[in-house]
Amino acid sequence: MIRQLKKGKPADAQQVIATQTRDTVEQIIADIASHGDEAVRKYSAQFDHWSPAQFRLSDAEIAACVSSLPPAQIDDIKFAQAQVRRFAEAQKASLQDVEIETLPGVVLGHRNIPVNSAGCYIPGGKYPLLASAHMSVLTAKVAGVKRVVAVAPPFDGKPHPAIVTAMHLAGADEIYCVGGVQAIAALALGTDQIAPVDMIVGPGNAFVAEAKRQLFGKIGIDLIAGPTETLVIADDSCDVELVVADLLGQAEHGYNSPAVFLTNSRELAEAVPAEVERQLRNLATAPVASVAWRDYGEIILCDTIDEMVAEADRIASEHVQVMTRDPDYFLAHMTNYGALFLGERTNVAYGDKVIGTNHTLPTMGAARYTGGLWVGKFIKTCTYQRVLSDSASAMLGEYCSRLCALEGFAGHKEQADIRVRRYSAS
């Protein structure tokens, strides 16, 4: 039996806010479509109090940001990027072009072709999420994208030097200090200052996510990311201190970040609320994490491991931390998750910052049908075909002609028939 000992707000509680967000984003996009840079500047000044002569950073400005960081911080950024690059390169190597002769004289194939340009959004309003530069810019460059544009909002009234440094070291071809809907719209639609891109990736707040949703089709996107989610799965082999540290470590992302604890140990489940209160007293981000836990925290108690797997798949969380006697059981049996973190020695923060897997992951149940950002998101798998002989073309034409007639496509049928007439043996 599955029992919910603590519930969060129902999913429809955010509907009014979502509607307001949609309308606001729609208006901003329309304004930027009509007025370009003038509108971008207006919204940048309104929301970020930022209106420089040029949003694009010059080489000198980038160099100044890099030189302002201590060498140890640059080394840490380089270490994290080396891990992301290593895993991304391994993922790219798994993508193979294909060519096969399916019938005598009939050759089919596909090529993996990177998009020509990508815009990478790096959040920086509340927290300077420089790790998102590794995850997006660097991954795009490994994929082979020719033009990678990186954008981030100002932080404390100026470009954040660590974000700019991470963008630069990751290989960004252009760096802009501009954020929010105005950045997404400028990248998608193009302005005099910012040439449009083919796709946009990266996390952001609700307005950024809604802008990506509305502009999808005009440009490609990685996914529509909602608030950060975490699911901690543990049995009685794990202690409550570790469970709560991993719950609150993600709850600090935002007031509406769901943190869910799933267990088959009643003792552990009942110990969590008091431990949450204890750790919050010493957590600098408690004003955020406490609200997220109060409003969106959940505790779910199951009887069996298989119930835990089924419930985890139902939740389809962005991050799933497994601390049980046999975490590989969940690896073997779970199907819906953004990323798995197996065993007590790893955690979501490693994935977010340094271990090498990508931290841009599906939320709001999207793990049921998609994974997260990786090199393959920047690559189009495009097919081609070649017919090598007259006899092969005529043979295919006969089948095609009959099938086109079955569907009533006269023009299609003639495409086949003309080749039957031309290439059949006389």
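The values are calculated or read from the model by the stated rules, or taken from the named source; none is laboratory data. Note that this is a predicted model, so its numbers are computed, not measured. For neighbour counting, all protein chains shown are included, and Cβ atoms are generated from backbone atoms with ideal geometry for every residue, glycine included. Just so you know, the surface numbers come from the protein's heavy atoms only, side chains and all, with ligands and any DNA or RNA stripped out. Shrake-Rupley method; radii C 1.70, N 1.55, O 1.52, S 1.80 Å.
Round to a whole number: what % of the accessible area of the chain belongs to carbon and sulfur, probe 1.4 Å?
On the way: 11030 of 20470 Å².
Ligands and nucleic acids excluded, carbon and sulfur give 54 percent.
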With all protein chains modelled, accessible area of Ser67 [1.4 Å, Å²]: 90 Å²
Calculated log₁₀ intensity ratio I(q)/I(0) where the Debye formula runs over C-alpha points of the range 375-423, q = 0.18, 0.26, 0.28 Å⁻¹: -0.60, -0.90, -0.98
Relative contact order (percent, whole number), the range 227-372, Cα cutoff 8 Å, 6+ residue spacing: 26 percent
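Could you sort Trp374, Trp293 by their accessible area in this structure, using a 1.4 Å probe and putting the largest first? Intermediate results must be reported in sequence, preceding the final value.
Values: Trp374 80, Trp293 15 Å².
Listed by decreasing accessible area, they come as Trp374, Trp293.
Quick one: length gained pulling Ile113 to Asp328 fully straight, 0.36 nm per residue minus the C-alpha distance?
Numbers: separation 215, 0.36 × 215 = 77.40 nm, distance 3.47 nm.
Stretched out fully, the Ile113 to Asp328 stretch lengthens by 73.9 nm.
From largest to smallest, what semi-axes in whole angstrom does the range 227-372 give when each is the square root of 5 times an eigenvalue of its alpha carbon gyration tensor?
Working: eigenvalues 85, 68, 38 Å².
Each semi-axis is √(5λ); the values are 21, 18, 14 Å.
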Using alpha-carbon coordinates, inclination of helix 161-170 to the longest axis of the chain, degrees: 30 degrees
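Over the range 288-426, average the accessible area per residue using a 1.4 Å probe and give it in Å², no decimals.
Values: 7410 Å² over 139 residues.
Here the per-residue accessible area is 53 Å².
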GNM result for the chain, Cα springs below 10 Å: residue of Glu210, Glu407, Glu398 fluctuating most strongly: Glu407
Positive-end residue of Thr335, Val148, Cys400, charge dipole of the chain with Cβ unit charges: Cys400
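Working with all protein chains in place, sort Met364, Met395, Met308 by solvent-accessible area computed with a 1.4 Å probe, largest first. Walk me through the numbers on the way to the answer.
On the way: Met364 120, Met395 65, Met308 0 Å².
Result, largest first: Met364, Met395, Met308.
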For Glu99, solvent-accessible area (1.4 Å; no DNA, RNA or ligand), Å²: 110 Å²
Dimensionless Rg/Rh of the chain - Kirkwood Rh, Rg from C-alpha atoms: 1.06
Where a label projected 7 Å from the Cα of Ala93 along Cα→Cβ would reach, residues of the range 371-385 with amide N under 20 Å: 374-379
Within-12-Å neighbourhood charge of Glu26 [Cβ basis; K, R +1; D, E -1]: -1
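Using a 1.4 Å probe, what is the accessible area per residue for the range 108-200, in Å²?
Working: 2570 Å² over 93 residues.
Heavy-atom accessible area per residue stands at 28 Å².
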GNM flexibility winner over the chain from Leu103, Leu373, Leu340 (Cα, springs under 10 Å): Leu103
Mean-position separation - Cα centroids, the range 172-217 and the range 118-133, in angstrom: 12 Å
Separation between Cα centres of the range 21-48 and the range 347-426, rounded to whole Å: 38 Å
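Ratio of Rg to Rh for the range 122-208, alpha carbon only, Kirkwood? List each step's numbers first, then the result.
On the way: Rg = 11.8 Å, Rh = 12.8 Å.
Ratio of gyration radius to Kirkwood radius: 0.92.
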Angle in degrees between helix 15-35 and the longest Cα principal axis of the chain, rounded to the nearest 10: 60 degrees
The chain: angle of helix 180-189 to the longest principal axis, Cα-based, in degrees nearest 10: 10 degrees
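Assuming 0.36 nm per residue, please report the length gained on full extension of the stretch Arg368 to Glu101 beyond their Cα-Cα distance.
Values: separation 267, 0.36 × 267 = 96.12 nm, distance 3.48 nm.
Gain in length upon complete extension: 92.6 nm.
Please list His253, His168 from largest to smallest accessible area, probe radius 1.4 Å, with all protein chains kept in place. Walk me through the intermediate numbers first.
Details: His253 50, His168 85 Å².
Order by accessible area, largest first: His168, His253.
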